[in-house]
């Protein structure tokens, strides 16, 4: 395995912020395309939580003195023309991929002697933050299944 240093950690956190930015864009498109008020509320919850995850990662990045990444260009998924099951399949796949990213990041962070790279409080905050986001992503996957079942 290649050596992971503070710069690599900062860049991975930036990628997490970019992932969350893309995720919020997708969720907003789904929110706008949804006609059912109850399902729209569920999508809003996912959107709100993703904005919170972005804020958590931004706090981590700032504590490591990293600079915010540029906002990535948005991909148009054409949700307006899709069937509900297609929308939910895409959303589930995206959430699974995002959860995997954070799971792999956490595995890397835990395999390091992080306190040799970062100050103890920063290392603890980073690991705790990523663990929190993973738990939220697991909850999101359950919420997406509930959304899917409501169609």
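What follows draws every value from the coordinates through simple rules; no lab data is involved. Just so it is clear, the model here is predicted, and its values are computed rather than measured. Backbone-built Cβ (ideal geometry, glycine too); neighbour counts: all protein chains shown.
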Exercise. Length gain on complete extension for the stretch residue 135 to residue 83, per 0.36 nm per residue less the alpha carbon to alpha carbon distance?
Worked result: 15.8 nm
Exercise. Which parts of the stretch 92-123 would a label at residue 6 reach, counting a residue when its backbone N lies under 16 Å from a point 7 Å out along Cα-to-Cβ?
Worked result: 113-123
Exercise. Hey, what number do you get for the chain at 222 nm if only DSSP H runs of n ≥ 4 count, each worth -39500 (n - 2.57), divided across all residues, to the nearest 500?
Worked result: -27000 deg cm²/dmol
Exercise. Once you sort the root eigenvalues of the Cα gyration tensor of the stretch 1-58 as a ≥ b ≥ c, which label holds: rounded (a/c under 1.5), prolate (a/b larger than b/c) or oblate (the other case)?
Worked result: prolate
Exercise. Roughly how tilted is helix 84-111, in degrees to the nearest 10 and between 0 and 90, from the longest Cα axis of the chain?
Worked result: 10
For this session: At 0.36 nm per residue, minus the direct Cα-Cα distance, what do residue 74 and residue 28 gain on full extension? Give it in nm, one decimal, please.
Result: 15.4 nm
Exercise. Where is the GNM fluctuation largest for the chain (alpha-carbon springs, 10 angstrom cutoff): 130, 17, 117?
Worked result: 117
Seminar exercise, completed: Here the residues of the stretch 95-138 lying in the modelled label zone of residue 48, meaning backbone nitrogen under 16 Å from a point 7 Å along Cα-to-Cβ, are 136-137
Exercise. When the Kirkwood hydrodynamic radius is evaluated over all pairs of different C-alpha atoms of the chain, what value in angstrom, to one decimal, is obtained?
Worked result: 16.3
